[in-house]
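K.L.:
Quick one: the structure is below, questions incoming.
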Amino acid sequence: MKTGEDSPTIRLTTTTERLHDSTDLTPNLVRILLADAHKLMRQGLCHLFKHEPAIQIVGEANTPAEAYKLNRVHQPDLVLLDIAMAEPAGTETVSTLLCQRPNTRVLVLTALDDDQTALRALKAGAVGYLLKDIAFSDLVKAIYASLQGGTPLHPRIARVVLRRLNQPPARPDPLSKLTARERQVLDLLAQGYSNSEIAHELVITQFTVRSHVCRVLKKLNLVNRTQAALYLLKHGSSSLMERPEPSR
């Protein structure tokens with residue numbers, strides 16, 4: 001654990017997205033539950049927190065089950081969680097802790113420098129995501145800030161989150177409204193297959209093919225088979241099946 005001055009600066013954001021320095025905060029006694037699978041890490045943090053009179057360690061957990069139990073018993077203000085303790089279901093640990101006690105803050109402190117894990121943890125309700133190369137003084141500031149509504153993030157994780165927030169929303173797949181079978185029918189129809197050829201290819205009746213074609217046209221707001229073929233070319237022609245040339 002680093003406690004020197006060379007660790008990354010913590011970026012603290014409030015609920016109004018304004019950056020501020022948490023050193024001005026004057027918290028009451030903060031009750032913390034440590035949840036980390038590594039005993040040495042827990043012991044080191046306990047030793048360091050002894051020098052913080054406004055922070056009390058109320059329990060130590062080395063498994064998710066133990067964290068849930070101690071969360072109920074001690075009702076901490078904040079759970080300092082290493083999400084790697086329960087990987088690959090670490091985000092479920094966040095959700096469960098918050099389900100038990102919605103007012104408890106869950107602050108992730110981990111060595112997992114992974115964008116997707118960080119985003120999943122934040123979506124699950126974690127108030128922040130820090131890496132274990134943080135200086136202890138910055139960790140203390142992050143704890144106080146999170147209890148005041150801030151979102152302490154490691155700088156690189158903060159950049160990822162900001163990029164995601166600034167990305168335009170993904171366009172919905174216009175073909176997602178079709179069932180798998182309807183998509184197969186559309187794929188074959190776009191290649192010029194007749195109803196009888198589609199029926200033979202998919203081993204269904206021509207009546208069923210006609211029903212699928214009608215539903216496809218209705219769902220996509222199209223008039224005829226030609227429009228359906230052009231629509232598929234415009235919105236993507238990836239098929240759900242291999243399509244051998246039919247015998248004509």
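The values are calculated or read from the model by the stated rules, or taken from the named source; none is laboratory data. Values in this document were obtained by computation on a predicted structure and should not be read as measured data. Neighbour counts are summed over all protein chains in view; Cβ atoms, including those assigned to glycine, are modelled from backbone coordinates with ideal geometry.
K.L.:
How many residues are out of contact with any Ser or Thr (no Cβ under 6 Å at 6 or more places or on another chain) and within 12 Å of Leu81 (Cβ to Cβ) if we restrict to the stretch 118-127?
P.N.:
Adding up the residues that qualify gives 2.
K.L.:
So, in the stretch 173-196, how many residues would count as being farther than 15 Å from Tyr231 by Cα and either surrounded by fewer than 18 Cβ atoms within 10 Å (Cβ to Cβ) or in contact with a Gly (Cβ under 6 Å, 6 or more places away or on another chain) (or both)?
P.N.:
So the count comes out to 5.
K.L.:
Counting only residues that are within 30 Å of Leu80 (Cβ to Cβ) and not aliphatic (A, V, I, L, M), how many does the stretch 152-201 have?
P.N.:
The total comes to 8.
K.L.:
Also, quick follow-up: In this structure, is Thr205 surrounded by fewer than 19 Cβ atoms within 10 Å (Cβ to Cβ), among the hydroxyl-bearing types (Ser, Thr, Tyr) and in contact with a helix residue (DSSP H, G or I) (Cβ under 7 Å, 6 or more places away or on another chain)?
P.N.:
Spelling it out, Thr205 is indeed surrounded by fewer than 19 Cβ atoms within 10 Å (Cβ to Cβ), among the hydroxyl-bearing types (Ser, Thr, Tyr) and in contact with a helix residue (DSSP H, G or I) (Cβ under 7 Å, 6 or more places away or on another chain).
K.L.:
Which one of Gly59, Gly90 is at pLDDT 95 or above, surrounded by 14 or more Cβ atoms within 10 Å (Cβ to Cβ) and either in contact with a Ser or Thr (Cβ under 6 Å, 6 or more places away or on another chain) or not hydrophobic (A, V, I, L, M, F, W, C) (or both)? Break it down stepwise before answering.
P.N.:
Details: Gly90 fails: at pLDDT 95 or above.
The match here is Gly59.
K.L.:
For Val213, work out the one condition from (1) assigned to a helix (DSSP H, G or I); (2) under 30 Å from Leu98 (Cα atoms) it doesn't fulfil.
P.N.:
Failing condition for Val213: (2).
K.L.:
Here are the criteria: (1) at pLDDT 85 or above; (2) on the phi > 0 side of the Ramachandran plot; (3) not aliphatic (A, V, I, L, M). Tell me which single one Glu17 does not satisfy.
P.N.:
Just one mismatch for Glu17, condition (1).
This table checks each residue for (1) free of Cβ contacts under 8 Å to residues at least 60 places away in the same chain; (2) of a type in the set (D, E, K, R).
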position	(1), (2)
Ser137	no, no
Ile143	no, no
Ser146	no, no
Pro155	no, no
Arg159	yes, yes
Arg164	yes, yes
Gln184	yes, no
Leu188	yes, no
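K.L.:
Identify, by number, the condition in (1) at positive phi; (2) under 15 Å from the mean Cα position of the chain (by Cα) that Gln75 doesn't meet.
P.N.:
All conditions pass for Gln75, except number (2).
K.L.:
Which pairs do you get when a residue that is under 21 Å from Arg72 (Cα atoms) and touching a residue at least 24 places away in the same chain (Cβ under 8 Å), found in the stretch 33-47, comes within reach of a residue that is among the hydroxyl-bearing types (Ser, Thr, Tyr) and part of a helix (DSSP H, G or I), reach meaning Cβ atoms under 9 angstrom, with the pair 6+ apart or on two chains?
P.N.:
Cβ pairs passing all conditions: Ala35/Thr93.
K.L.:
Within the stretch 128-149, is there a residue that is under 16 Å from the mean Cα position of the chain (by Cα) and β-branched (Val, Ile, Thr)? Step through it out loud before you land on a result.
P.N.:
Within the stretch 128-149, the first condition is being under 16 Å from the mean Cα position of the chain (by Cα), and the residues that meet it are 128-130.
Those left that are additionally β-branched (Val, Ile, Thr): none.
Scanning the stretch 128-149 turns up no residue that is under 16 Å from the mean Cα position of the chain (by Cα) and β-branched (Val, Ile, Thr).
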